[in-house]
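Inspection log for the structure reproduced underneath, given as structure tokens.
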Amino acid sequence: MNFGPEFDRIFGASYPLARGRGYIAGEAPASGDPDAPDGRFKILNVPSRGRIAVLERGAGRVIAQTLSAPDGTWRIDGLNEEMQFTVMGFDDRGLQNAAIQDWIQPAVP
């Protein structure tokens, strides 16, 4: 998800510091190593479709959100690479509680 007119319409000038070149993504492992990082959205440890929200740390305001692909991969672009965020994954089918990762700093392409 990129920031744009819809973001401005909803949030106005509330989050100008949240904009930047960074991204946060849930990617599949780069190798077949079972210990390799795996950031995909999963339900009961199976890559699945779900809702991911990026929140402003502390205040808890939603900065951006997206749906993962059916394989669990997702990406949110346009975040300030110098800020830290809280990322939450939601299972909208109600099979699993939300998962939370805190102090997440966006990567720069």
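The values are calculated or read from the model by the stated rules, or taken from the named source; none is laboratory data. Everything quoted here is computed from the prediction, not taken from an experiment. Please note: Cβ atoms are built from the backbone with ideal geometry, for glycine as well, and neighbour counts cover all protein chains shown.
The table that follows gives values for the structure above.
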item: Test: residue in the stretch 57-71 that is acidic (Asp, Glu), in contact (Cβ under 8 Å) with a residue 12 or more places away in the chain and surrounded by 17 or more Cβ atoms within 10 Å (Cβ to Cβ); result: no
item: Test set (1) surrounded by fewer than 17 Cβ atoms within 10 Å (Cβ to Cβ); (2) touching a residue at least 40 places away in the same chain (Cβ under 8 Å) - Gly94 fails condition number; result: (2)
item: Qualifying residue in the stretch 66-75 (condition: farther than 17 Å from Ala107 by Cα, modelled with pLDDT under 90 and not in a strand (DSSP E or B)); result: no
item: Residue that is modelled with the lowest pLDDT [pool: residues in the stretch 7-55 that are acidic (Asp, Glu) and more than 18 Å from the chain's Cα centre (by Cα)]; result: Asp8
item: Per-region count, the stretch 25-65, residues part of a loop (DSSP other than H, G, I, E, B), within 21 Å of Val108 (Cβ to Cβ) and among the hydrophobic types (A, V, I, L, M, F, W, C); result: 2
item: Meets criteria (farther than 19 Å from Gln101 by Cβ, surrounded by 14 or more Cβ atoms within 10 Å (Cβ to Cβ), under 14 Å from the mean Cα position of the chain (by Cα) and at pLDDT below 90) for Phe3; result: yes
item: Yes/no for Met83 being on the phi < 0 side of the Ramachandran plot, in contact with a Leu (Cβ under 9 Å, 6 or more places away or on another chain) and in a loop (DSSP other than H, G, I, E, B); result: yes
item: Complete set of residues in the stretch 86-96 that are assigned to a loop (DSSP other than H, G, I, E, B) and touching a strand residue (DSSP E or B) at 6+ places or on another chain (Cβ under 9 Å); result: Asp91, Asp92, Arg93, Leu95, Gln96
